[in-house]
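Here's the structure, in structure tokens; my notes come after.
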Ligand SMILES: Nc1ncnc2c1ncn2[C@@H]1O[C@H](COP(=O)(O)OP(=O)(O)OP(=O)(O)O)[C@@H](O)[C@H]1O
Ligand SMILES: [Mg+2]
């Protein structure tokens with residue numbers, strides 16, 4: 001690598017999307033998305049149902065293909081497939097609304113699985129790291145239980161620990177608390193706030209405005225596959241510019 005290339009990669013944004021378009025059949029779900037997320041930034045994505053929030057997240061680690069445009073993680077373009085893709089995908093952790101834990105494996109095994117199978121890390125080392133992560137999300141004492149023996153909030157914290165076990169550079173969260181009973185929401189958000197404080201680059205689809213204000217550096221408002229507003233949380237929630245954003249906020253605030 002030349003010196004120039006080194007300095008470019010150092011200043012590259014952690015996530016870069018350029019002119020990204022995606023259709024599902026005739027439906028245009030992402031329209032010319034341009035987005036740069038610097039390292040350590042916490043981006044909150046909001047918008048009406050069907051606006052493309054989940055699809056945006058899923059394209060960032062190529063769970064969905066794109067029709068055109070470029071996506072790069074930490075200065076490296078995502079290849080469409082192959083070994084390079086598997087490696088880059090491992091750099092991007094993802095947490096979904098449904099926790100997707102393996103029901104027949106213990107909590108500890110759930111967290112150890114990918115590092116052992118994908119990263120080929122030794123079991124002893126993987127276990128030590130997994131226990132550290134489970135302690136970090138506050139459930140080290142549940143390590144030998146099975147997912148069904150935990151509450152939804154605890155299961156979601158396991159899902160976060162499992163994603164962190166791969167040492168990702170980026171964490172994507174797609175409505176991580178919307179399937180939880182209200183009393184469990186804050187225990188998951190607290191873990192995410194701490195992750196943000198620790199400097200993780202995060203993209204979070206959520207309508208939890210308290211979290212957005214507490215941990216978010218930036219809000220993207222999406223409508224019809226486009227980023228319609230891109231501003232700081234306070235400005236977005238107090239003075240949205242577009243009628244669509246005002247209308248959307250009116251609906252979620254009246255809940
Ligand atoms: N696999 C798919 N095949 C066809 N259409 C899809 C597929 N996934 C999503 N869509 C459509 O793409 C559009 C964007 O969906 P997406 O799930 O990204 O929206 P969203 O903003 O996450 O919505 P929600 O708030 O309901 O989760 C929607 O119209 C949806 O019906
Ligand atoms: Mg969605």
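A short reminder: the numbers here are calculations on the coordinates, not readings from a lab. A quick note: this is a predicted structure, and the numbers were derived from the prediction, not measured. Backbone-built Cβ (ideal geometry, glycine too); neighbour counts: all protein chains shown.
When peptides 158-169, 109-120 are ranked by their average number of other Cβ atoms within 10 Å per residue, the highest-first order is 158-169, 109-120. Just the number, please: percent antiparallel of the DSSP beta bridges in the stretch 69-205, rounded to the nearest 5. Percent antiparallel among DSSP bridges in the stretch 69-205 is about 20. Using a/c under 1.5 as the rounded threshold, could you call the stretch 139-255 rounded, prolate or oblate? The axes a ≥ b ≥ c are square roots of the C-alpha gyration tensor eigenvalues, and prolate needs a/b larger than b/c, oblate otherwise. Since a/c reaches 1.5 and a/b is larger than b/c, the shape of the stretch 139-255 is classed as prolate.
In the chain, the DSSP-assigned H stretches of four residues or longer account for a calculated mean residue ellipticity at 222 nm of -12000 deg cm²/dmol, using -39500 (n - 2.57) per stretch and the full residue count as denominator. Once you have a ≥ b ≥ c as the square roots of the Cα gyration tensor eigenvalues for the stretch 120-176, tell me rounded if a/c is under 1.5, and otherwise prolate or oblate according to whether a/b is larger than b/c. Taking the square roots of the gyration eigenvalues as a ≥ b ≥ c, the stretch 120-176 is oblate. Rg then Dmax, both in Å and based on the Cα atoms of the chain: 18.5, 55.
Which order do the peptides 67-75, 94-102 come out in when sorted by mean C-beta neighbours inside 10 angstrom, highest first?
Highest to lowest by the protection proxy: 94-102, 67-75.
In the stretch 198-255, if every C-alpha pair distance is counted and binned at 10 Å from zero, what percent goes to each bin? P(r) over the stretch 198-255, rounded to whole percents: 22, 58, 18, 2. When each of the peptides 242-248, 86-92, 42-48 is scored by the mean number of other C-beta atoms lying within 10 Å of its residues, the order from highest to lowest reads 42-48, 86-92, 242-248.
Remark: the Cα gyration tensor places the stretch 14-93 in the oblate category, a/c being 1.5 or greater and a/b not exceeding b/c.
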